[in-house]
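The values are calculated or read from the model by the stated rules, or taken from the named source; none is laboratory data. The model shown is predicted, which means the values in this text are computed figures rather than measured ones. Heads up, the Cβs are rebuilt from the backbone with ideal geometry, glycines too, and the neighbour counts pull from every protein chain shown. Heads up: the accessible areas ignore ligands, DNA and RNA and are worked out on the full protein's heavy atoms, side chains in. Shrake-Rupley method; radii C 1.70, N 1.55, O 1.52, S 1.80 Å.
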Amino acid sequence: MELVLSLVIGIFAGSGIWLLLRPRTFQVIIGLCLLSYAVNLFIFSMGRLTVGAPAIMPRGGFVNPAAYADPVPQALVLTAIVISFATTALFLVVLIAARGLTGNDHVDGRETEQ
Amino acid sequence: MIEENLLLILVGLPFAAAIAASTVSTTAHRAAAWVSGILLAVGLPILATLHGPIADGQVLRASLYWVPSLGLTLTFRMDGFVWMFVALVYGIAILVLIYARYYLSKSDPVPRFYAFLMAFTGAMVSMLMSGNILMLVVFWELTSILSFLLIGYWYQGQAARDGARMALIVTGLGGLCLFVAMLLLGQIVGSYDLDRVLLAGDKVRADPLYPLLLTLFLLGAFTKSAQMPFHFWLPGAMAAPTPVSAFLHSATMVKAGVFLLVRFSPVMGQTDLWFYAVTGTGMVTLVLGSLIALFRHDLKGLLAYSTISHLGLITALAGIGSQAAILAAIFHIANHAVFKASLFMAAGIIDHETGTRDMRRLSGLIRAMPVTGSLAIVASAAMAGVPLLNGFLSKEMFFAEAADWHNGSWLDDSLAYLATLAGVFAVAYSLRFIASVFFGPPATDLPKTPHEPPGWMRHPVELLVLVCLIVGIFPDQTLGPTLHVAARSVLGADLPYTDIAIWHGFTLPLGMSLIALVGGVVLYMLFRDRIAAGPEGPPLLHRLRAQRVFERLLLLLTWKFPRQAHRLIGADRLQPQLRIIVLLAVAAGVATLWGGLRQAPQPLATPLNPSFAVMWLVGGACAIGAAWMAKYHRFAAVVLLGGAGAVTCLTFAWLSAPDLAVTQLLVEIVTTVLLLLGLRWLPKRREEIAEDRLLPARLRRGRDFVIAVVAGAGLSAIAYVMMTWPHISNVGNWFLRNAYSEGGGTNVVNVILVDFRAFDTFGEITVLAIVGISVYALLRRFRPAPESIDQPADQTGPEQRSITEVLLVPSVIMRWMFPVLIVLAAYLFFRGHDLPGGGFSAGVTVSIAFLLQYLAHDVRWIEARLTVLPIKWMGAGLLVAGLTGVGAFLFGYPFLTAHAQYVDLPLIGKVPAATALLFDAGVFALVMGATVLMLVAIAHQALRIARLRERDAAARSETEGL
């Protein structure tokens, strides 16, 4: 499982970074989404992989932390998901506004040599 | 105790006056002056009270505990020297206030003026009284900043702005040097307390860092006291209103520099280095300043250079550093303050009443303003050093010191000649001031008809000139004792009492004075016409303007170099910037992990489930596909992105993160819809971009591909190594143990979000609100790409079908989904504290419910039936979350402390009713509001553009009809 997950984190991040470096706005927005998946999974995986033991506690009594998934990366990622949604939305609006203003979809607002 | 409080009051009064003055109305000239004046006048009896203990040789101290936990206290101290200086500042400040009341015109905004002036006074007084050398620098810099504001008071004028900026840059940079010097000094001495520093002279002088310390210290003192070559800001500061000039040149600002020199001369002085640097600079400034003053045509310019030369004199005395020299320096500080303040005020009166300050135009004014003229004549006689006036006495003492033997160096030997030469110039420029302005034929071409000023504008000058006379005639009965106390507090208690007498017999200094007087008169008589006709500066020297050098340097450093640097290393396009960011991130990762990344001895291994692998085969393919398609097939890219998101979501569910899975799923839906809505306004790319096939584009793609592969592989490696290292117990364990007992919930992730780390969540929902409003605001004036304004192709085809026809079955289903989704949201929300769910997911769910309605029907239909006020929801959400946090204050807990308990509701049963739930409700409302706002704002564009289109069509048909 670890190997598969780390490989796909790399694939997501690589695809995201490649898109990030492209000149078209829509490519960059898709790239950011992919990169945020990769980063979210990466942060999440820092709590190590646990199958079938979500961090839902019994009501009172002794708690053995080793028996549950680490909640901290999860809490961090939960926040990150919402924030990345917000940035995607903002970026999308900037994107379509820029398309209307500049007449092209280049990230610099003008077609350049590079 | 009472003295301690009096000290603090003395420091606080000017600041209180500043605050009071800033609150009066813009036109209330009288009120602003009265308020400031009365508050300052309170300081005088306080100073009188303090005189007793000070005269006994006591040093008074008062501390204000500022940040006790950091050991930061504001310490104020007062000894004889400081007392004399503070009295000078207070006295002249009051006179300047009275003068300014009549000087400023009705249209000037006075509260600003008085507030700045009073704050400046406060900064100066605090600087003088600082008992801590770091605090001293802080107040020192404060005087720089406030003098900037004062000089630039008439900011409409270019000269005022330039002068203010120049003063700030020069004195501010000097202040920075001084700051470093004080830090060094504190390190050497081991304390920043002024008293301890003053006693540690031997230690300081013996330190290897002494030369560096001295250089930085002197840079600070010389820039402030306008010593050459930093003198040029002072003439530039003439652009200030004259009351400000009178104040800056007499008791404050420039005097701060010499105050520092005199104060620290026992600590850093008595070395050759000090003598050459300080006395040398002082003498150069003295001679050149008085020479340039002679050639200035502007009245204030002459006075400004005269100030520079007198400061040079005081600096030279501080450099000599003998007991008599320090006494003379202190004496001259006071004398110069008195006569220079009166001269500036007189110059201001002349400017005010005649409309010009050009000495070539002014003439014969003694007839029009006999009183002011007489006062100015007496004051400039004091400046020239005419006997029976205060300036004469301190100048005599300076001459005596100059003639005296100190260390036999060439500089020491030449002091007497230089001093006499400067004396000649001083007499000549004083004479020029009097003769050209007040005598001669009456001027004919003045902008205004000259006459005497209002009485109260002149009274401050009268008082100051009176002081010049009294001190000049009865020095020992008036200023003598105070002076002695001041000198004793600088030099030590064993200082013998020195009589200040007018008549010492025929001595060398008297001879020098006489030479200066006669020489000055002769010099002026010989060259008066050539000076008046010549340029504004001594021959040859006037071409070398320090101000011009400064301006060129400023241009170079703040304009040309930054531009060049920007051209060289700047990247104003996004792609190179992003590339640099990615490369830097990769480099940072490599640099930190190089050699340190190794596999755990016993790597963790969760047994691989084949379906997990297959799932991720699809996920990886989706990601690569999305990257492949994003350029020409945007729709496909969005779908593939959704696939990647779905796999991510399943992974969360698989690996014990149900909360994440739920949120990811919901957010995925919303993001996809959002992107689809956005695609409507992004015209389809129909033809291939030709350049893409060319070699440079291929090379670029190749390079970016390599970067992406390297970065991805690196991240994979790090992720794998981290994942397989055994888990180290961390803060998560604490959360797991205490979630139920402390937070009252069993779902730890949710408890962390709404309870333990609620403040983070609060910040996060605020960000969400800001983004929502930004999206809304950006779309208000949105202009779509011209290609996408027309109706989409499938809506304009031959068979036009309304949306209800196309989506008949789905729309019915979607309508029915609405209540189901609302219930689902409520379910997610209420169970959130104990089971996966919570405010986030509930909020997104409700927004999806709304969104489905927008998809199922056209916008008009839906908005006729359903009113969502997203901004109100957002506001309410933020308010509820914030108030829940503030509520904790009522019970004496810190912000956002939660309280948890269960309540039995009829029918529903046991429900967790923590205050965290209330907070979560706020989160819910805000997330829902922001999401709906964004989605609806984009969805609405179709409506808006349709309306625009209809209007355009109507307008077109109308014009065609005509």
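Go through B:S380, B:S374 for me and flag whichever is under 25 Å from B:L517 (Cβ atoms), open to solvent by 10 Å² or more (accessible area, probe 1.4 Å) and not β-branched (V, I, T).
On the way: B:S380 fails: open to solvent by 10 Å² or more (accessible area, probe 1.4 Å).
Going through B:S380, B:S374 in turn, just one is under 25 Å from B:L517 (Cβ atoms), open to solvent by 10 Å² or more (accessible area, probe 1.4 Å) and not β-branched (V, I, T): B:S374.
Is it the case that B:L736 is in contact with a Pro (Cβ under 6 Å, 6 or more places away or on another chain) and surrounded by 17 or more Cβ atoms within 10 Å (Cβ to Cβ)? Explain how you work it out, then say what you get.
On the way: in contact with a Pro (Cβ under 6 Å, 6 or more places away or on another chain): yes; surrounded by 17 or more Cβ atoms within 10 Å (Cβ to Cβ): yes.
It is true that B:L736 is in contact with a Pro (Cβ under 6 Å, 6 or more places away or on another chain) and surrounded by 17 or more Cβ atoms within 10 Å (Cβ to Cβ).
Pairs please, first residue from the range B:926-945 and in the same structural domain as B:P870 (by TED's automatic domain parsing) and under 15 Å from B:T671 (Cβ atoms), second anywhere and open to solvent by 10 Å² or more (accessible area, probe 1.4 Å) and not in a helix (DSSP H, G or I), Cβ atoms under 7 Å, 6+ apart in sequence or on different chains.
Close Cβ pairs satisfying both conditions: B:V932/B:V868.
Residues are listed down the side, and each one gets a yes or a no for (1) surrounded by fewer than 24 Cβ atoms within 10 Å (Cβ to Cβ); (2) in contact with a strand residue (DSSP E or B) (Cβ under 7 Å, 6 or more places away or on another chain); (3) assigned to a helix (DSSP H, G or I):
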{"site": "A:F12", "(1), (2), (3)": "no, no, yes"}
{"site": "A:I30", "(1), (2), (3)": "no, no, yes"}
{"site": "A:F44", "(1), (2), (3)": "no, no, yes"}
{"site": "A:A53", "(1), (2), (3)": "yes, no, no"}
{"site": "A:V94", "(1), (2), (3)": "yes, no, yes"}
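Condition first: of a type in the set (K, R) and open to solvent by 10 Å² or more (accessible area, probe 1.4 Å). Now tell me which residues in the range B:294-308 satisfy that. Give the steps one after another, and end with the answer.
Restricting attention to the range B:294-308, the residues satisfying the condition of being of a type in the set (K, R) are B:296, B:300.
If the condition is that a residue be of a type in the set (K, R) and open to solvent by 10 Å² or more (accessible area, probe 1.4 Å), then B:R296 is the only one that fits.
Filter the range B:589-598 down to the residues that are surrounded by fewer than 11 Cβ atoms within 10 Å (Cβ to Cβ) and in contact with a helix residue (DSSP H, G or I) (Cβ under 8 Å, 6 or more places away or on another chain) and list them by number.
B:R598
Across the range B:667-680, which residue is surrounded by the most Cβ atoms within 10 Å (Cβ to Cβ) among those that are at the interface with chain A (Cβ under 9 Å from one of its Cβ atoms) and of a type outside the set (D, E, K, R)?
If we take residues in the range B:667-680 being at the interface with chain A (Cβ under 9 Å from one of its Cβ atoms) and of a type outside the set (D, E, K, R), then B:L675 is surrounded by the most Cβ atoms within 10 Å (Cβ to Cβ).
As an exercise: evaluate B:Y153 against (1) open to solvent by 10 Å² or more (accessible area, probe 1.4 Å); (2) not in a helix (DSSP H, G or I) and give the number of the one condition it does not meet.
Checking B:Y153 against (1) open to solvent by 10 Å² or more (accessible area, probe 1.4 Å); (2) not in a helix (DSSP H, G or I), the one that fails is (1).
Could you list, in sequence order, all residues of the range B:357-369 that are open to solvent by 10 Å² or more (accessible area, probe 1.4 Å) and in contact (Cβ under 8 Å) with a residue 60 or more places away in the chain? I'd like the intermediate steps shown before the answer.
As a first pass, look at the range B:357-369 and keep what is open to solvent by 10 Å² or more (accessible area, probe 1.4 Å): B:357-358, B:360-361, B:363, B:366-368.
B:D358, B:R360, B:R361, B:S363, B:I366, B:R367, B:A368 - these are the residues of the range B:357-369 that are open to solvent by 10 Å² or more (accessible area, probe 1.4 Å) and in contact (Cβ under 8 Å) with a residue 60 or more places away in the chain.
This table checks each residue for (1) touching a Gly at 6+ places or on another chain (Cβ under 8 Å); (2) under 30 Å from B:T746 (Cβ atoms).
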site	(1), (2)
B:W628	no, no
B:H633	no, no
B:V647	yes, yes
B:F652	no, yes
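Restricting to the range B:561-588, count the residues that are surrounded by fewer than 11 Cβ atoms within 10 Å (Cβ to Cβ) and under 24 Å from the mean Cα position of the chain (by Cα).
0
What's the total number of residues in the range A:64-102 that are more than 7 Å from chain B (Cβ to nearest Cβ) and over 27 Å from B:V767 (Cα atoms)?
Selection size over the range A:64-102: 4.
Evaluate the range B:511-527: report whether one residue or more is over 26 Å from B:L302 (Cα atoms), assigned to a helix (DSSP H, G or I) and either open to solvent by 90 Å² or more (accessible area, probe 1.4 Å) or not polar (S, T, N, Q) (or both).
Of the range B:511-527, the ones over 26 Å from B:L302 (Cα atoms) are B:511.
Checking which are assigned to a helix (DSSP H, G or I) leaves us with B:511.
Add one more test, that the residue is either open to solvent by 90 Å² or more (accessible area, probe 1.4 Å) or not polar (S, T, N, Q) (or both), and what stays is B:511.
Taking every residue of the range B:511-527 in turn, at least one turns out to be over 26 Å from B:L302 (Cα atoms), assigned to a helix (DSSP H, G or I) and either open to solvent by 90 Å² or more (accessible area, probe 1.4 Å) or not polar (S, T, N, Q) (or both).
I'd like the full set of residues that are open to solvent by 10 Å² or more (accessible area, probe 1.4 Å) and either outside the structural domain of B:I54 (by TED's automatic domain parsing) or closer than 19 Å to B:L149 by Cα (or both), limited to the range B:112-137.
Step one: filter the range B:112-137 for residues open to solvent by 10 Å² or more (accessible area, probe 1.4 Å), giving B:112, B:115-116, B:119, B:132, B:134-135.
Answer for the range B:112-137, where residues must be open to solvent by 10 Å² or more (accessible area, probe 1.4 Å) and either outside the structural domain of B:I54 (by TED's automatic domain parsing) or closer than 19 Å to B:L149 by Cα (or both): B:R112, B:A115, B:F116, B:A119.
Take B:I349 and tell me if it is under 22 Å from B:L104 (Cα atoms), crowded, with 24+ Cβ neighbours inside 10 Å, at pLDDT below 90 and in contact with a helix residue (DSSP H, G or I) (Cβ under 6 Å, 6 or more places away or on another chain). Write out each step before concluding.
Numbers: under 22 Å from B:L104 (Cα atoms): yes; crowded, with 24+ Cβ neighbours inside 10 Å: yes; at pLDDT below 90: yes; in contact with a helix residue (DSSP H, G or I) (Cβ under 6 Å, 6 or more places away or on another chain): yes.
Yes, satisfied.
Of (1) under 26 Å from A:F85 (Cα atoms); (2) under 50 Å from the mean Cα position of the chain (by Cα); (3) free of Cβ contacts under 8 Å to residues at least 24 places away in the same chain, B:L676 satisfies all except one. Which?
That leaves (3) as the condition not met.
Would you mention how many residues in the range B:236-259 are assigned to a helix (DSSP H, G or I) and either β-branched (V, I, T) or outside the structural domain of B:G282 (by TED's automatic domain parsing) (or both)? So that I can check it myself, show each step before the final result.
Residues of the range B:236-259 that are assigned to a helix (DSSP H, G or I), as a first pass: B:236-239, B:242-250, B:254-259.
Checking the rest, the ones that are also either β-branched (V, I, T) or outside the structural domain of B:G282 (by TED's automatic domain parsing) (or both) come to B:242, B:244, B:254, B:258.
Of the residues in the range B:236-259, 4 are assigned to a helix (DSSP H, G or I) and either β-branched (V, I, T) or outside the structural domain of B:G282 (by TED's automatic domain parsing) (or both).
Looking at the range A:41-57, is at least one residue farther than 21 Å from B:I752 by Cβ, among the aliphatic types (A, V, I, L, M) and more than 7 Å from every other protein chain (Cβ to nearest Cβ)?
no
Within the range B:49-69, can one find any residue that is assigned to a helix (DSSP H, G or I), buried (at least 18 other Cβ atoms within 10 Å of the Cβ) and in the same structural domain as B:L248 (by TED's automatic domain parsing)?
Of all residues in the range B:49-69, those assigned to a helix (DSSP H, G or I) come to B:49-55, B:68-69.
Now restrict to residues that are buried (at least 18 other Cβ atoms within 10 Å of the Cβ): B:50, B:54.
Now drop any that are not in the same structural domain as B:L248 (by TED's automatic domain parsing), which leaves B:50, B:54.
Yes, the range B:49-69 has at least one match.
B:I502 passes all but one of (1) surrounded by fewer than 17 Cβ atoms within 10 Å (Cβ to Cβ); (2) modelled with pLDDT of 80 or more; (3) among the hydrophobic types (A, V, I, L, M, F, W, C); which number fails?
(2)
Those residues that are touching a helix residue (DSSP H, G or I) at 6+ places or on another chain (Cβ under 7 Å) and part of a loop (DSSP other than H, G, I, E, B), I need them from the range A:55-92; list them, please.
Correct list: A:A55, A:M57, A:R59, A:G60, A:V63, A:Y68, A:D70.
Could you figure out which of (1) in contact with a strand residue (DSSP E or B) (Cβ under 9 Å, 6 or more places away or on another chain); (2) in contact (Cβ under 8 Å) with a residue 60 or more places away in the chain isn't true of B:L50?
Among (1) in contact with a strand residue (DSSP E or B) (Cβ under 9 Å, 6 or more places away or on another chain); (2) in contact (Cβ under 8 Å) with a residue 60 or more places away in the chain, the lone unmet condition for B:L50 is (2).
Looking at B:A937, B:A953, which one is within 14 Å of chain A (Cβ to nearest Cβ) and part of a helix (DSSP H, G or I)? Talk me through it step by step, then tell me what you get.
Values: B:A953 fails: within 14 Å of chain A (Cβ to nearest Cβ).
After applying the criteria, what remains is B:A937.
What's the number of the condition B:P683 fails, among (1) open to solvent by less than 50 Å² (accessible area, probe 1.4 Å); (2) more than 8 Å from chain A (Cβ to nearest Cβ); (3) assigned to a loop (DSSP other than H, G, I, E, B)?
With (1) open to solvent by less than 50 Å² (accessible area, probe 1.4 Å); (2) more than 8 Å from chain A (Cβ to nearest Cβ); (3) assigned to a loop (DSSP other than H, G, I, E, B) applied to B:P683, the lone miss is (2).
Can you work out which of the residues in the range B:268-293 that are in contact with a Lys or Arg (Cβ under 8 Å, 6 or more places away or on another chain) and at pLDDT 85 or above is least open to solvent (accessible area, probe 1.4 Å)? Explain how you work it out, then say what you get.
At the first step, the residues of the range B:268-293 found to be in contact with a Lys or Arg (Cβ under 8 Å, 6 or more places away or on another chain) are B:268, B:270-271.
Restricting the remaining residues to those that are at pLDDT 85 or above gives B:268, B:271.
On the way: B:M268: 1, B:T271: 33 Å².
Per the stated criteria, the residue is B:M268.
So in the range B:653-666, with the set limited to residues that are open to solvent by 10 Å² or more (accessible area, probe 1.4 Å) and facing chain A (nearest Cβ under 8 Å), which one is farthest from A:I96 (Cα to Cα)?
Looking at residues that are open to solvent by 10 Å² or more (accessible area, probe 1.4 Å) and facing chain A (nearest Cβ under 8 Å), I get B:W654.
Residues are listed down the side, and each one gets a yes or a no for (1) open to solvent by 30 Å² or more (accessible area, probe 1.4 Å); (2) under 30 Å from B:A304 (Cα atoms); (3) assigned to a helix (DSSP H, G or I):
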{"position": "B:G172", "(1), (2), (3)": "no, yes, yes"}
{"position": "B:V180", "(1), (2), (3)": "yes, yes, yes"}
{"position": "B:I188", "(1), (2), (3)": "no, no, yes"}
{"position": "B:S191", "(1), (2), (3)": "no, no, no"}
{"position": "B:P208", "(1), (2), (3)": "yes, no, no"}
{"position": "B:L212", "(1), (2), (3)": "yes, no, yes"}
{"position": "B:F217", "(1), (2), (3)": "no, yes, yes"}
{"position": "B:G220", "(1), (2), (3)": "no, yes, yes"}
{"position": "B:L234", "(1), (2), (3)": "no, yes, yes"}
